[in-house]
Amino acid sequence: MMDMVGTEEAGMETGRRMKAAVVRETSPGEHRVALVPDAIARLQSAGIDVLVESGAGDGAWLTDAAYADAGASIVSAAEIYRTADVILTVTRPQPGALSELRPGQAVIGMLAPLSDPEFAAALAARGVTVISLDGLPRTLSRAQPMDALTSQSNVAGYKAVLVAAGEFGRFFPMLITSAGTARPAKVLVLGTGVAGLQAIGTARRLGAVVSGYDVRPSSRDEVTSLGATFVELTSVGSAAGEGGYARELTADERQAQQEELTGHIARQDVVITTAQVPGRKPPLLVTEDAVKAMAPGSVIVDMAASPFGGNVTGSVPGETSVTGNGVTIVGAENLAATVPTAASNAYSRNISALLLHLTSGGALAIDTSDPIQAGVVIAHDGRVVHQDVAGLLRVEGDAGVDGTAD
Ligand code: NAD
């Protein structure tokens, strides 16, 4: 059943337009912004007025004047929390800002509710509608313009190569100069989903000799079509899982994979890892033995580095270290935020497309029988309505599923 958010007075009857607001991101190192000025005209023509917190675009080199010229109202955070119907963010607002949200308001962003279901329960209890782009059904073709995981992975895959090139003491391309010939760098990308394929394309454009590996055999053609070599492992078969993702390997498969990969890794100058399995700890692909087998000056960028472990032994998110044998290991963290203008441009298109999809007659029209909404609407009408998030809360024995958490 369809349910209108943004309050009755935001509906068509009164002619009041929806107010969507962009807040300044507050997470450490976050330079992106949820909407760019180019998005404003399209939203306005759909009955949505845009408020922008002063300075929200600064990190992405988008000035208040540019937003005002595009038709936005530049306001304070206090005014946003007092008057907006919908608040647009990139990542989850800090706890202080979350406590400002009032009943009937909606927040839309990449809110990671599966990694912290309690946050969704707390907002549900306060009557806030929670909508998260991370839950989008990505294989649905009409959802693709809203796919922020893909757009941000693309940016991150590109930047991972630049980070690796910055740490590497030699050239990526072959260079023939009067001072001698430099051989091209050998780059191996482990995990060739969205970020991995962008990393392959970027490393190729820089002139490296590139190879890629994934447990999904279907990625082979994508790797080779970018001019890279696909690494075949004889010890591990297909691990294609559901929805285009990989499944977790068994312990035996994991060990065989690590041992066989070690030989390939030892021959590389640069390794970029991106492997993830939804809902699981990232698989360990580059063991201590593999790192020890690399030559001094080699570089590894682990895009899967997380507090729960990454694809590379010893990688720590946000930290760069050099091993005893001279291998630089970069634990990448939020790389998309380090290319903030490109990342914000893409994200702005994604979140605008989702907002327009959700809006009808000047208000959010919540209808979880729509597959896109079933994926993204986490909490509404005082309840956690997203099945997986509600399931996690039940497992934890939390009363918040029915919105009674504090
Ligand atoms: P992801 O971030 O979950 O994982 C990155 C890659 O790691 C994946 O390619 C995965 O197969 C690989 N991986 C996992 N375990 C591994 C292991 N042990 N060894 C080696 N590689 C391993 O994936 P993603 O980039 O979000 O995309 C995953 C899939 O979803 C891809 O097939 C992609 O094309 C597909 N996708 C489709 C659409 C669409 O249809 N519109 C949109 C987005 C993604």
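Values for this structure:
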{"item": "Given charges at Cβ of Lys, Arg, Asp, Glu: the stretch 260-331 dipole, positive-most of PRO283, VAL327, ILE300", "result": "PRO283"}
{"item": "Extension gain, ARG183 back to ARG267 (0.36 nm per residue minus Cα-Cα distance, nm)", "result": "28.9 nm"}
{"item": "Residues whose placed amide H lies under 5 Å from that of ALA21, excluding near-sequence neighbours", "result": "LEU51, VAL86, ILE87, LEU88"}
{"item": "Extreme residue, positive dipole direction of the stretch 255-397, given options VAL312, SER360, ILE372 (C-beta unit charges)", "result": "SER360"}
{"item": "Contour minus Cα-Cα distance for GLN44 and ASP381 (0.36 nm per residue)", "result": "118.7 nm"}
{"item": "Heavy-atom accessible surface of the stretch 72-124: percent carbon and sulfur, 1.4 Å", "result": "59"}
{"item": "Cα-centred dipole magnitude for the chain, charges only on beta-carbon of K, R (+1) and D, E (-1), debye, nearest 20", "result": "1120"}
{"item": "Under 5 Å, built H, 5+ apart or other chain: amide partners of GLY241", "result": "ALA246, ARG247"}
{"item": "Nearest-0.05 FRET efficiency for ASP116 and ASN325, computed from C-beta distance (R0 35 Å)", "result": "0.40"}
{"item": "Segment ASP367-SER99, length gained on full extension (0.36 nm per residue, minus Cα span)", "result": "93.9 nm"}
{"item": "Using a Förster distance of 51 Å, the FRET efficiency for ARG82-GLU248 (Cβ separation, nearest 0.05)", "result": "0.65"}
{"item": "Accessible area per residue, Å², the stretch 251-387 with all protein chains present, probe 1.4 Å", "result": "39"}
{"item": "Selected from LEU197, ILE265, SER178, residue furthest toward positive end of dipole (the chain; charges at beta carbon)", "result": "SER178"}
{"item": "Trypsin sites (Lys or Arg not before Pro) within the stretch 168-266, DSSP loop, no more than 11 other Cβ atoms inside 10 Å", "result": "none"}
{"item": "Solvent-accessible ranking of ARG138, ARG183, largest area first, probe 1.4 Å", "result": "ARG183, ARG138"}
{"item": "Relative contact order (%) - criterion: Cα under 8 Å, at least six apart; region: the stretch 98-156", "result": "32"}
{"item": "The chain: angle of helix 194-205 to the longest principal axis, Cα-based, in degrees nearest 10", "result": "50"}
{"item": "Total charge dipole magnitude, the stretch 65-133, about the Cα centre, Cβ charges on Lys, Arg, Asp, Glu only, Debye to nearest 20", "result": "120"}
{"item": "J(HN,Hα) series, the stretch 157-168, from Karplus relation 6.51 cos²θ - 1.76 cosθ + 1.60, nearest Hz, glycine and proline x", "result": "x, 4, 5, 4, 5, 5, 5, 4, 5, x, 8, 7"}
{"item": "With all protein chains modelled, accessible area of SER178 [1.4 Å, Å²]", "result": "130"}
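The values are calculated or read from the model by the stated rules, or taken from the named source; none is laboratory data. These numbers come from a predicted model, not from an experiment. Please note: Cβ atoms are built from the backbone with ideal geometry, for glycine as well, and neighbour counts cover all protein chains shown. Side chains included, ligands, DNA and RNA excluded: accessible areas come from the protein's heavy atoms. Shrake-Rupley method; radii C 1.70, N 1.55, O 1.52, S 1.80 Å.
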